[in-house]
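Sharing a structure, written as structure tokens. Questions coming.
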Amino acid sequence: MKSIYTLSLALFGAAFAMPLAAQAPGRTVIHAGKLLAEPGKPVRGASTIVVEGGRIISISDGFQPADPGATLIDLKDKYVLPGLIDSHVHLTSDAGGLAGQLEEMTLSPAAQAFNAEVNGMKTLRAGFTTVRNLGDGDGATLALRDAIATGKVQGPRIVDAGNSISGSAGHMDGSLGYRDELRPFFAGAGNTCNGADDCRRAVRQQVGRGADVIKFASTGGVNSRIGAGLGKQMFDDEAKAIVDTAHMFGKKVAVHAHGADGIRLALEAGADSIEHGTILDEATIAVWTKSKAYYVPTLSTVNGYKERIAANANAYEPDVLAKIQWRIGITGKSLEQLVPRGVRIAFGTDAGVSKHGRNADEFELMVQHGMTPVEALKAATVNAADLLGLSDEVGTIAPGKSADIIAVASDPVADVTILKKVDFVMARGRVVE
């Protein structure tokens with residue numbers, strides 16, 4: 001029987017000789033002290049998980065002996081649970097404010113791709129084995145998604161939105177904040193649209209690039225360099241055209257929305273998730289409770305804002321700073337209103353605004369603003385898997401599913417902050433060093 005340490009050394013040496021895809025994992029036996037196979041259901045005691053070919057083969061009670069030649073992983077003193085899912089990240093950067101604007105002007109797509117790979121590994125080592133990347137203009141994360149899927153590099157499973165869509169002068173208009181003569185160079189690759197027909201074109205363009213999901217902005221944004229507020233910035237027929245076109249192609253739709261009018265617009269158009277969802281009124285909540293749309297709170301953004309401002313009071317332009325200060329003050333209030341109304345919640349951080357690798361900070365904020373630790377865990381596993389259309393693949397530890405497995409030192413239901421210190425990560429059957 002080989003130990004996990006022997007296996008690690010062997011894989012390290014072999015990594016230079018062959019691509020990851022060629023390193024087909026053999027049979028692995030995991031001894032789990034406690035097994036939270038499906039958050040929201042009772043924890044199991046001592047358990048044995050058998051993994052082969054990147055998939056979970058079986059789960060049995062007690063510590064069963066490993067077959068000759070199998071690799072035994074000893075997690076008898078750990079709580080074992082499914083790999084976590086972050087439904088809202090931006091892997092190419094975590095620079096913000098003026099520093100982020102400078103990156104946009106200086107970094108090539110190749111440099112952004114390297115950033116994305118590094119940030120992806122930070123995320124994976126933090127226990128997040130699947131992410132939904134909601135915005136990448138140059139295709140770096142689309143390429144990284146494919147490289148990870150084919151085993152060329154290691155990283156989290158990526159569900160990618162391609163380039164996010166908005167109306168001209170909306171939150172995703174890349175030309176905002178630049179001098180008039182420079183704006184054409186930063187206008188993006190046709191991701192802005194005006195009128196329903198043009199918005200259908202914008203969706204088709206992202207589908208043609210290989211996007212897994214469509215993201216658009218129905219309202220202004222905190223970080224966009226324009227003082228046009230955070231209310232609705234898209235007409236009803238434009239939003240409906242985006243959602244209908246995406247759904248026709250079998251793509252779900254994530255909507256950046258802060259103002260209540262823009263949230264309601266997106267819900268009525270048939271959006272699958274609302275990102276941020278910062279301002280609510282009773283009319284909007286009433287529409288939401290009748291919808292199947294998920295809420296992705298992205299509370300962690302405030303951590304990134306506070307840290308950058310503490311390091312540099314001039315990190316953001318005045319128009320943006322005013323919105324940030326408002327966002328810090330109101331963050332969490334929508335979650336407090338929606339949890340008791342039964343709206344479905346999926347975990348998402350907006351990492352990139354906050355720091356990559358610190359995704360689990362979101363759990364503590366979710367609990368502070370009305371969720372139980374169990375509900376927060378479900379949001380990052382069962383619910384997020386459903387939102388991403390991956391329930392058959394991830395979100396629980398069950399036979400037939402991808403072997404995305406993590407372990408922590410103590411019960412995360414008793415103290416959700418333990419998820420900030422993940423001790424073991426396996427992604428698609430491979431141990432992450």
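The values are calculated or read from the model by the stated rules, or taken from the named source; none is laboratory data. Just so you know, these numbers come straight off a predicted model, no measurement behind them. Glycine also receives a Cβ, built like all others from the backbone with ideal geometry; neighbour counts cover every protein chain displayed. For accessibility, only protein heavy atoms count, side chains too; no ligands or nucleic acids. Shrake-Rupley method; radii C 1.70, N 1.55, O 1.52, S 1.80 Å.
For the chain, give the percent of accessible area contributed by carbon and sulfur heavy atoms, probe 1.4 Å, rounded to a whole number. Don't jump to the answer; show the numbers that get you there.
On the way: 9500 of 17160 Å².
The computed percentage sits at 55.
I'd like the Karplus ³J(HN,Hα) series for region 231-237: coefficients 6.51, -1.76, 1.60, θ = phi - 60°, whole numbers in Hz, and an x wherever there's a Gly or Pro.
Computed from phi, the couplings for region 231-237 are x, 4, 9, 8, 7, 4, 5 Hz.
Separate question: Run the numbers on the chain and let me know its relative contact order in percent, using alpha-carbon pairs under 8 Å that are six or more apart. Let's see the in-between values first.
Working: 997 pairs, mean separation 83.2, N = 433.
Dividing the mean separation by the residue count of the chain yields 19 percent.
I would also like to ask the following. So which of LYS76/LYS421; LYS252/LYS420; LYS34/LYS251 end up more than 26 Å apart, counting from Cα to Cα?
Details: LYS76/LYS421 17 Å; LYS252/LYS420 30 Å; LYS34/LYS251 37 Å.
Over 26 Å Cα-Cα: LYS252/LYS420; LYS34/LYS251.
Something else: Would you list PHE347, PHE63 from the most to the least accessible area, probe 1.4 Å?
Working: PHE347 0, PHE63 85 Å².
From most exposed to least exposed: PHE63, PHE347.
Can you give me the angle between helix 140-149 and the longest principal axis of the chain, using Cα atoms only, in degrees from 0 to 90, rounded to the nearest 10?
20
Separate question: Ignoring ligands, DNA and RNA, what accessible area per residue does region 182-336 give at 1.4 Å, in Å²? Walk me through the intermediate numbers first.
Working: 6120 Å² over 155 residues.
Per-residue value: 40 Å².
Further question: Provide the solvent-accessible area of LYS232, counting protein heavy atoms only and rolling a 1.4 Å probe, rounded to the nearest 10 Å².
100
Which value at 222 nm does the chain reach when only helices count, each DSSP H run of 4 or more adding -39,500 (n - 2.57), with the total divided by all residues and rounded to the nearest 500 deg cm²/dmol? Don't jump to the answer; show the numbers that get you there.
Numbers: 14 runs with 144 residues, N = 433.
-10000 deg cm²/dmol, from helical runs alone.
Separate question: Count the DSSP beta bridges whose two residues both fall in the chain, then state the antiparallel fraction as a percent rounded to the nearest 5. Please report the intermediate quantities before stating the final value.
Details: 23 of 58 bridges.
In the chain, DSSP labels about 40 percent of beta bridges as antiparallel.
ASP423 to THR106: extension gain in nm, 0.36 nm per residue of separation minus the Cα-Cα distance? Provide the component values of the computation, followed by the final result.
Details: separation 317, 0.36 × 317 = 114.12 nm, distance 3.67 nm.
Length difference between fully extended and current span is 110.4 nm.
Give the angle, between 0 and 90 degrees and rounded to the nearest 10, that separates the Cα long axis of helix 4-14 from the longest principal axis of the Cα atoms of the chain.
Once rounded, the angle reads 60 degrees.
In addition: Averaged per residue, what accessible area in Å² does region 46-92 show with a 1.4 Å probe, protein chains only?
Working: 1710 Å² over 47 residues.
It amounts to 36 Å² per residue over region 46-92.
How much length is gained if the chain between ALA46 and VAL118 is pulled fully straight, taking 0.36 nm per residue apart and subtracting their Cα-Cα distance, in nm to one decimal?
Numbers: separation 72, 0.36 × 72 = 25.92 nm, distance 3.51 nm.
Length gained, ALA46 through VAL118: 22.4 nm.
Could you tell me which of rounded, prolate or oblate describes region 377-433, using a ≥ b ≥ c as the square roots of the eigenvalues of the alpha-carbon gyration tensor, with rounded for a/c under 1.5 and, failing that, prolate when a/b is larger than b/c and oblate otherwise?
Details: a/c = 2.31, a/b = 1.26, b/c = 1.84.
Oblate shape, in that a/c is at least 1.5 and b/c is the bigger or equal ratio.
So, one more: Could you tell me the calculated FRET efficiency between TRP326 and ARG204, based on Cβ-Cβ distance and R0 = 45 angstrom, to the nearest 0.05? Please list the in-between numbers first.
Numbers: r = 36 Å, r/R0 = 0.79.
Plugging the Cβ-Cβ distance into 1/(1 + (r/R0)^6) gives 0.80.
With a 1.4 Å probe and all protein chains kept in place, how much accessible area does ARG341 have, in Å² rounded to the nearest 10?
100
Using a Gaussian network model of the chain with C-alpha springs under 10 Å, which one of MET366, MET248, MET234 is most mobile by mean-square fluctuation?
Per the Cα network of the chain with a 10 Å cutoff, MET248 tops the list.
Follow-up question, since we're still on this one. Using a 1.4 angstrom probe and counting only protein chains, how large is the accessible area of LEU124 in Å², to 10?
About 0 Å², ignoring ligands and nucleic acids.
Continuing with the same structure: What does the C-alpha gyration tensor say about the overall shape of region 34-105? Classify as rounded when a/c is under 1.5, otherwise prolate if a/b is larger than b/c, or oblate. Don't jump to the answer; show the numbers that get you there.
Details: a/c = 3.75, a/b = 2.46, b/c = 1.53.
Prolate, since a/c reaches 1.5 and a/b exceeds b/c.
Then there is this: Helix 260-269 versus the longest principal axis of the chain: what angle, 0 to 90°, nearest 10, using Cα atoms?
70
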